[in-house]
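Below: the structure, in structure tokens.
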Amino acid sequence: MSFSDFYATGTVTVPAGGTAVIGAGTLWSTPIVAGDTLEAGGRAVRILDVVDNTHLTLAYGWPGAALAGSSYIIVYNSPSRSTGTYVAERVRELIERQRVLDDAVATYAAVSVGLDTPPGAPVEGDLYVVGTWPTGAWVGYAGYLAIWSGTAWRFTPPAQGMQVVALDTDMMWRRTAAGWSMWVLGDRLALNGRTPMLVADFVRDQYRLNGSGISASELFARSGVGKRVIGVSGLVEVVPDNILAFDHSAGRRHMMFEGAATNYIRYSNDFAGTGWFKDGGSTITANAAAAPDGAMTADRCQIASYLGCDLGTNITSRATFSVWLRSATGANQTVQMYLAYSTPDGVAANQNFTVTTTWQRFTLTGTPPPGVTGFRPVIAAGDVYAWGAQFETGSAATSLIATAGSATTRPADLAPWSGKAVGAVNTTGCTLAF
């Protein structure tokens, strides 16, 4: 086990003379402590407080030029790290982590499972599960884990309970008393004694057709345009056209298919763009912070009274406003959002939200009274970073439809079955499991 004496993941943003440091792609809460030193651009300042994973407070104003998305290091040199209590706590954590590792079921990532012939040009560190009839350097190691050291193959005997993810098929394999077997939902399901012909386990991303493992794209496809989802990293990611989309926003992986929707806000990421209006005391600073997708495109909205958006079209049906917000002050804030209409003046829905120092997507749904016009979203007083505003008809927020000058419509996703799946589904008396 190796230990580092500094932290350098992600980037930092801090104004000249400022003490509030904002990180992008950082996880500061656990490794950093007050008294450690931030170093960047040839300057160094002690850290007064670790606010959360992406916010630090410096002991005094940053002495160098402003940093924006800059590389940095934080040196682990706080005086508190040398105390007996601190060292004892770190040792206890390491012992506990090792205990967890010792008790855990081993899971490996393999280039492929079941290969009989060693690859001709392996890369150092590549791992394979040897097949039933091995050849060449693998002879005598059927079922073993084979890893290329850079000069030779090293072998590990399989142990019952081992799990392996095959990177070439995205399938999970498990070592049992009978050997390696694919671990899918269908192995545990039966209806009237019949094993399902077609299995789709969307949570584990495991699929089977006629008893053989297949990938999701071999089962069906998504016919649709690019889609923004929450990735495994927690950042917003764009899935390309016609590729299956998986979202992790609900705390678990799920496949996403959506109907058609239109974002009527003409500038989803530019809160000073056409349609947006504010009171005279409010200020919008463009590209002031890293957005939920990691890019420096979030605006700082210092709202004295209100920030609203005229849609340029009259919406008369139930609609939902959604927007990502994060506190720009380093502390939680209560911010009100409401859905208003202008002729006559009134409010169809309003709600107070707690905006924290972590990005969250807030939604508000309402229905305008019959005959009114000017139905629109409004954000009340607060000092927040904002990104990804959307106003769409319906009772729920769908994935973000980015706009840059006009309302934009996302067509409905379609999910056509593959030829293989159609053949199975059309089989008389077939059993399906989802």
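The values are calculated or read from the model by the stated rules, or taken from the named source; none is laboratory data. In this text, all values refer to a predicted model and were calculated from it rather than measured experimentally. Methodologically, a virtual Cβ is constructed for each residue, glycine included, from the backbone with ideal geometry; neighbour enumeration extends over all protein chains shown. Heavy atoms of the whole protein, side chains included, go into the accessibility calculation; ligands, DNA and RNA do not. Shrake-Rupley method; radii C 1.70, N 1.55, O 1.52, S 1.80 Å.
With a cut-off of at least 3 residues that are open to solvent by 50 Å² or more (accessible area, probe 1.4 Å), name the strands (runs of 3 or more DSSP E) lying wholly within the range 269-315.
In the range 269-315, the matching strands (runs of 3 or more DSSP E) lie at 283-289, 298-309.
Tell me whether the range 306-316 contains one or more residues that are touching a Leu at 6+ places or on another chain (Cβ under 7 Å) and farther than 22 Å from Asn53 by Cβ.
no
So in the range 68-103, with the set limited to residues that are among the hydroxyl-bearing types (Ser, Thr, Tyr) and surrounded by fewer than 11 Cβ atoms within 10 Å (Cβ to Cβ), which one is modelled with the lowest pLDDT?
The qualifying residue modelled with the lowest pLDDT is Thr85.
Hey, does the range 391-409 have a residue that's over 26 Å from Gly226 (Cα atoms) and surrounded by 13 or more Cβ atoms within 10 Å (Cβ to Cβ)?
No: the range 391-409 contains no residue that is over 26 Å from Gly226 (Cα atoms) and surrounded by 13 or more Cβ atoms within 10 Å (Cβ to Cβ).
Being under 24 Å from Ile401 (Cα atoms) and touching a Lys or Arg at 6+ places or on another chain (Cβ under 7 Å) narrows it down to one residue among Leu311, Leu325, Leu339; which is it?
That would be Leu311, the only listed residue that is under 24 Å from Ile401 (Cα atoms) and touching a Lys or Arg at 6+ places or on another chain (Cβ under 7 Å).
Taking strands (runs of 3 or more DSSP E) that do not extend beyond the range 14-74, which have at least 3 residues that are within 19 Å of Pro292 (Cα to Cα)?
20-24, 67-70
Provide a single number: the residues in the range 343-361 that are more than 29 Å from the chain's Cα centre (by Cα) and open to solvent by 50 Å² or more (accessible area, probe 1.4 Å).
Adding up the residues that qualify gives 4.
Out of the range 226-268, which residues are charged (D, E, K, R), in a loop (DSSP other than H, G, I, E, B) and either in contact (Cβ under 8 Å) with a residue 24 or more places away in the chain or touching an Asp or Glu at 6+ places or on another chain (Cβ under 7 Å) (or both)?
Listed by number, the residues that qualify are Arg252, Arg253, Glu258, Arg266.
Within the range 289-327, track down each residue that is of a type in the set (Phe, Trp, Tyr) and more than 29 Å from the chain's Cα centre (by Cα).
If the condition is that a residue be of a type in the set (Phe, Trp, Tyr) and more than 29 Å from the chain's Cα centre (by Cα), then Tyr306 is the only one that fits.
Got at least one residue in the range 175-186 being at pLDDT 75 or above and open to solvent by 70 Å² or more (accessible area, probe 1.4 Å)?
Looking for residues that are at pLDDT 75 or above and open to solvent by 70 Å² or more (accessible area, probe 1.4 Å), one finds at least one in the range 175-186, hence yes.
Could you check the range 141-176 and list, in sequence order, the residues that are of a type in the set (S, T, N, Q), in a loop (DSSP other than H, G, I, E, B) and either over 15 Å from Ala109 (Cα atoms) or touching a Leu at 6+ places or on another chain (Cβ under 8 Å) (or both)?
Answer for the range 141-176, where residues must be of a type in the set (S, T, N, Q), in a loop (DSSP other than H, G, I, E, B) and either over 15 Å from Ala109 (Cα atoms) or touching a Leu at 6+ places or on another chain (Cβ under 8 Å) (or both): Ser149, Thr151, Gln160.
Among the numbered conditions (1) under 25 Å from Asn332 (Cβ atoms); (2) open to solvent by 50 Å² or more (accessible area, probe 1.4 Å); (3) touching a strand residue (DSSP E or B) at 6+ places or on another chain (Cβ under 6 Å); (4) modelled with pLDDT under 90, tell me where Pro31 comes up short.
Going through (1) under 25 Å from Asn332 (Cβ atoms); (2) open to solvent by 50 Å² or more (accessible area, probe 1.4 Å); (3) touching a strand residue (DSSP E or B) at 6+ places or on another chain (Cβ under 6 Å); (4) modelled with pLDDT under 90 one by one, Pro31 breaks only (2).
Show the residue pairs meeting these rules: Cβ distance below 6 Å; 6+ apart or different chains; first residue within the range 30-53 and over 12 Å from Tyr76 (Cα atoms); second residue open to solvent by less than 30 Å² (accessible area, probe 1.4 Å) and of a type in the set (Phe, Trp, Tyr).
Ala40/Tyr72; Val50/Trp28; Asn53/Trp28
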